[in-house]
Every structure is written in C-alpha cells, then in structure tokens.
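Taking it in order: structure first as structure tokens, then the write-up.
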Amino acid sequence: MGGFTMARDTSPSQPLAGRRVLLTRAADASSTSRNLFRAAGAQVIELPALMIGPPDDWGPLDDALRALERFHWLIFSSANGVAAVRQRLDHLRLHQGPAWPRLAAVGRKTAQAVERQGWPMPFVPQDFVADSLLACFPESVHGRQLLLPRVQSGGRPLLAEQFRRQGAMVVEAPAYESRCPATIPAAATAALGQGHVDVITFTSSKIVRNTIALLAAHLGERWQSRLGGPKVVSIGPETSHTCRALLGRVDAEANPHHMEALVAAAGRLFQEAP
C-alpha cells in the first residue's frame, strides 16, 4: 500500500485506528462527523455526494408560514428543513407567537437544530426515525392540520401518507432541494481506485444513489468492483434498505441512528474481526 500504510493498534478508545474511512456526506456538512471518525483513529477521506439548495419555488412554503397559526403541528424531518423555515420566517418578517403550532422532529440532529433557533422543545421519537414518530406521536392526529417542510424531490413520503390515513390534514411544502455534485474529489477517486478504503459510510438513501452516480461517472464499470472490499455502514433502516437494493449488502447499521453510533458500528466490525 506504500504511503497509505498505517499502524493498526486498535484500542477501545480508537477502534478504527489505522482504518481508512470514505465518508460520504453533504457538500456543506459540518466537521462533526469527520472529527468523530478521526477521534476513533480513522484516516478520513471525504466524498461530498449531496448539495443542498433552495427549492424551485418558495411560494408554497411562504404561503404556509403566513398561515402558520392554523396548523396544530409543525413537523421537521431534517435540519435542512429547520434552516429553510428559519430563513423564510426572517425573509417574511414573521415572528414566533402564542398561536404557533407544536413542534416535532425526526432525529437528534434535527431536534438540536430546532433548539438552536430558540424555539420550543420539539417532540422527538425515541428511535430517531420517521416510523417511530408515527408510532409514538403524543396525540391523535385525526382532524389535525400538520405542516411538513420537506425536500422538494426524492424524499420518503411515509410521514405524510400515514398521517393522512389517520385523518390528519397534511400540507407538504418544498423547503429545500438536494442535488448531486458534478465532481468527485481526486483523493476519493484515488483511494477507491487503488483499493485503499476499509469502510464506506452512508447517512441517507439519496447519498447512496448520488455516490453510485458519481462513481459510475468517474470510474466507469469499475465502480462496482471498487466497492467490493470496503465495509458498508449505514445510519438507519431506510438507508440500509437502499444499500442492499443497490450495493447488495450492508455490513453494519448504526443503532441508535445518529453519527456517534455510526462510528461505533464501524469500529465494532474490526474489533469483532479475527
């Protein structure tokens, strides 16, 4: 492996010592995930596979926010949705008032994004996934009006569909769009091309699909063979389903479904190896 060789003296505090992790992520993601993997001893190679931008039309979200007092719940499924709502509230010069709806959030990262805005504490399901929100929702939604800011395309419609089946009146408003970058970092291409990756991580189904599109564009038909060696680690059930459908396997899944558990799941793969 030449210059890529690293010592692999693993310990409980650094279960990924000497391992090379290909971290697929959003282009504007914070350094938190990178730092967590490095703290576990990994050499991190980043592959931005998602670009977050505005929706094609702000109109539906703006209209919903102008009538926010008529909703009983404002439900966020991502931190991107939180940021978009904050941006549009500021743009429209709308401020939190006593008639604001109750808040709910899928996932710890989303809940933290809500809290950083100074908004009321949201309801958060224990398992951090949409299915858990549906199962544990704190009241009957029959006859309730719900606002779901969401990605413009490619998102999972589970929440809206199930709430409607339970008798809720649901408004889905495009709050952002996620697109595939046009290029891939040279370091990621080189590492995969030379077989210098031990783990590849995925944090959403769309990142899985975009990563495959990027690799196919830059590695051609070789992309499938290049992913045969690295362990595939997913952040949750829906992402795992996509990995199995498109890559044929998942070697580990984070539980609970957040970044610290993703790092731990990757580390256990090598601690358990003979």
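The values are calculated or read from the model by the stated rules, or taken from the named source; none is laboratory data. A quick note: this is a predicted structure, and the numbers were derived from the prediction, not measured. Positions of Cβ are generated from backbone atoms using ideal geometry, with glycine treated the same way; all protein chains shown enter the neighbour counts. With ligands, DNA and RNA removed, areas are computed over all heavy atoms of the protein, side chains included. Shrake-Rupley method; radii C 1.70, N 1.55, O 1.52, S 1.80 Å.
For this structure, a couple of remarks:
- Listed values for the range 234-240 are Karplus-derived 3J(HN,Hα) couplings in whole Hz (6.51 cos²θ - 1.76 cosθ + 1.60, θ = phi - 60°), namely 10, 8, x, x, 5, 5, 4, and x replaces Gly and Pro.
- For the range 204-255, pairs of C-alpha atoms spaced more than 16 angstrom apart make up 37 percent of the total.
- Charging the Cβ of each Asp and Glu at -1 and of each Lys and Arg at +1, and nothing else, the dipole of the chain about its Cα centre rounds to 240 debye.
- Debye intensity ratio I(q)/I(0), log10, the range 124-274, q values 0.12, 0.13, 0.16, 0.21 Å⁻¹ (C-alpha model): -0.63, -0.72, -0.97, -1.34
- The range 196-274: GluC sites (Glu not before Pro) in DSSP coil with no more than 13 other Cβ atoms inside 10 Å: Glu272
- The range 199-274, accessible area per residue, ligands and nucleic acids excluded (1.4 Å, Å²): 45 Å²
- Carbon and sulfur %, accessible surface of the chain computed with the full protein complex present, 1.4 Å: 50 percent
- Cα long-axis angle, helix 205-219 against the chain (0 to 90 degrees, to the nearest 10): 40 degrees
- Projected label points at Glu69 and Met121, each 7 Å from Cα along the beta carbon direction, are separated by 2.7 nanometres.
- Label sites at Gln87 and Ala245, each approximated as a point 7 angstrom past Cα along Cα to Cβ, lie 2.8 nm apart.
- If you sort His142, His72, His257 by accessible surface, 1.4 Å probe, largest first, the order is His142, His72, His257.
- Per DSSP, loop trypsin sites (Lys or Arg not before Pro) in the range 215-250 with at most 13 further Cβ within 10 Å: Arg249
- Measuring nothing but alpha carbons in the chain and taking Rh as the Kirkwood radius, the Rg to Rh ratio lands at 1.01.
- Rg/Rh, computed from the Cα trace of the range 90-182 with Rh as the Kirkwood radius, has the value 0.97.
- Estimated vicinal HN-Hα couplings, Hz - the range 100-116 in sequence order (Karplus 6.51, -1.76, 1.60; Gly, Pro = x): 4, x, 6, 10, 9, 9, 9, x, 5, 4, 5, 4, 5, 5, 5, 4, 5
- Simple Cβ-charge dipole of the range 120-264, Lys/Arg +1 and Asp/Glu -1, about Cα centre, in debye nearest 20: 380 debye
- Amide H contacts of Val250: none lie under 5 Å away among residues 5 or more positions distant or on a separate chain (H built 1.01 Å from N in the peptide plane; Pro and chain starts excluded).
- Taking all protein chains together and a 1.4 Å probe, the residues Met121, Met259 rank Met121, Met259 from largest to smallest accessible area.
- Antiparallel content of DSSP bridges confined to the chain, in %, to 5: 10 percent
- Using θ = phi - 60° in the Karplus curve 6.51 cos²θ - 1.76 cosθ + 1.60, the 3J(HN,Hα) couplings for the range 78-93 round to 7, 5, 4, x, 4, 4, 5, 5, 4, 4, 6, 4, 5, 4, 7, 6 Hz; x is entered for Gly and Pro.
- Axis of helix 259-271 versus longest Cα principal axis of the chain: the two differ by about 30°, to the nearest ten degrees.
- Computed accessible area, Val106, all protein chains, 1.4 angstrom probe, square angstrom: 20 Å²
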